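For reference, the structure is listed below as structure tokens.
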Protein chains: 2
Amino acid sequence: MKSYSIEPIGIAHTPYKERGQAPRQSIYGKEGQGEIEIFNSFIEGIQGLEKYEYIIVLFYFDRISGYSLKATPPGEVISRGVFATRSPARPNHIGLSVLKLIKAEGNIIKFSGVDMLDGTPIIDIKPYVRELESK
Amino acid sequence: MKSYSIEPIGIAHTPYKERGQAPRQSIYGKEGQGEIEIFNSFIEGIQGLEKYEYIIVLFYFDRISGYSLKATPPGEVISRGVFATRSPARPNHIGLSVLKLIKAEGNIIKFSGVDMLDGTPIIDIKPYVRELESK
């Protein structure tokens, strides 16, 4: 099957400079705030985003090289398949966070619930609509 | 900023052969069932997935070429930024569905809530843990 190329639409600015500082899931870091800077050529794409309380952000784990098909979640002792975990060392290195939107203005989206490292490439943003997700 | 290459880990088998047949959001198609076939080199990665009731599936909108920074959601008349919609004609063409897991066995994951077209490339699977998402 063919492979696909993805191009970052923005970059995260967060308080976490390296692995180990960032919380493992965004809920644990819900006090922390961060920003997403949208690149110029994509700014028009965030118009209307401010009406949502939460957003889904897809990002690229750019500090990880390679992957393992097994991972052991924090606090557990037995490994399982990487797709049954949120491990960053996963095929395609795509991370997902649900973030609380504070403000979207110009090319800057302010949010809380940060769990991304500073400088993380952002590859997509989607509105989070609880009714559609939770079924 | 550099671009990244992503490689499908599997392929969806669904009843929807072309655009217009698939429901717009997975909730509307919750009766419909489908399967994800995991490619051989990634099978080990789904071990343990069966304990989750719902899974997050990231897939590639491979029937779409190009993108538009504005989109008009179904039933609305005013366009807004594509990142404030679930439009498939988005930068990086990555779709997200939360699916109800029926069974994971061998290299086949059976699910309901299908909204992907038949043959859609799958690029990631993550456990859906409501407490972590909904904050």
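Using the structure shown, decide if A:ILE94 is more than 7 Å from chain B (Cβ to nearest Cβ), among the hydrophobic types (A, V, I, L, M, F, W, C) and closer than 25 Å to B:TYR60 by Cβ.
On the way: more than 7 Å from chain B (Cβ to nearest Cβ): no; among the hydrophobic types (A, V, I, L, M, F, W, C): yes; closer than 25 Å to B:TYR60 by Cβ: yes.
In short, no.
Exactly one of (1) more than 9 Å from every other protein chain (Cβ to nearest Cβ); (2) within 13 Å of the chain's Cα centre (by Cα); (3) not in a loop (DSSP other than H, G, I, E, B) is unmet by B:ILE102. Its number?
Only one criterion is unmet by B:ILE102, namely (2).
Does B:GLY106 meet the test of being out of contact with any Cys (no Cβ under 8 Å at 6 or more places or on another chain), at positive phi and surrounded by fewer than 22 Cβ atoms within 10 Å (Cβ to Cβ)? Give the derivation first.
Numbers: out of contact with any Cys (no Cβ under 8 Å at 6 or more places or on another chain): yes; at positive phi: yes; surrounded by fewer than 22 Cβ atoms within 10 Å (Cβ to Cβ): yes.
Yes, satisfied.
Would you mention how many residues in segment B:97-116 are closer than 21 Å to A:ASP124 by Cα and modelled with pLDDT of 95 or more? Before the answer, list the steps.
Going residue by residue through segment B:97-116, those that are closer than 21 Å to A:ASP124 by Cα are B:97-99, B:115-116.
Still in the list and also modelled with pLDDT of 95 or more: none.
Final tally of qualifying residues: 0.
Looking only at segment B:23-33, decide whether some residue is within 28 Å of A:ASP62 (Cβ to Cβ) and open to solvent by less than 20 Å² (accessible area, probe 1.4 Å).
As a first pass, look at segment B:23-33 and keep what is within 28 Å of A:ASP62 (Cβ to Cβ): none.
Looking for residues that are within 28 Å of A:ASP62 (Cβ to Cβ) and open to solvent by less than 20 Å² (accessible area, probe 1.4 Å), one finds none in segment B:23-33, hence no.
Among all residue pairs at least 6 apart or on different chains, which show Cβ distances below 6 Å where the first residue, located in segment A:1-16, is surrounded by fewer than 17 Cβ atoms within 10 Å (Cβ to Cβ) and the second is hydroxyl-bearing (Ser, Thr, Tyr) and not in a strand (DSSP E or B)?
A:SER5/B:SER3; A:GLU7/B:SER3
Identify, please: which residue in segment A:52-74 is in contact with a Leu (Cβ under 9 Å, 6 or more places away or on another chain) and over 20 Å from A:THR120 (Cβ atoms) and is, among those, farthest from the other protein chains (Cβ to nearest Cβ)? Spell out the reasoning first.
Let us first name the residues in segment A:52-74 that are in contact with a Leu (Cβ under 9 Å, 6 or more places away or on another chain), namely A:52-59, A:61-63.
Retained after the next criterion (residues that are over 20 Å from A:THR120 (Cβ atoms)): A:52-53.
On the way: A:TYR52: 7, A:GLU53: 10 Å.
Restricting to residues being in contact with a Leu (Cβ under 9 Å, 6 or more places away or on another chain) and over 20 Å from A:THR120 (Cβ atoms), the top hit is A:GLU53.
Restricted to segment A:109-135, and to residues that are in a strand (DSSP E or B) and more than 18 Å from B:SER97 (Cβ to Cβ), which residue is most open to solvent (accessible area, probe 1.4 Å)? Break it down stepwise before answering.
At the first step, the residues of segment A:109-135 found to be in a strand (DSSP E or B) are A:109-112, A:121-127.
Remaining after also requiring more than 18 Å from B:SER97 (Cβ to Cβ): A:109-112, A:121-122.
Details: A:ILE109: 0, A:LYS110: 73, A:PHE111: 0, A:SER112: 17, A:PRO121: 0, A:ILE122: 0 Å².
The qualifying residue most open to solvent (accessible area, probe 1.4 Å) is A:LYS110.
The values are calculated or read from the model by the stated rules, or taken from the named source; none is laboratory data. Since this is a predicted model, take the numbers as computed values, not measurements. Ideal geometry is used to build each Cβ from the backbone, glycine not excepted, and the neighbour counts take in all protein chains shown. Accessible surface is based on the protein model in full, side chains and every heavy atom, while ligands, DNA and RNA are left aside. Shrake-Rupley method; radii C 1.70, N 1.55, O 1.52, S 1.80 Å.
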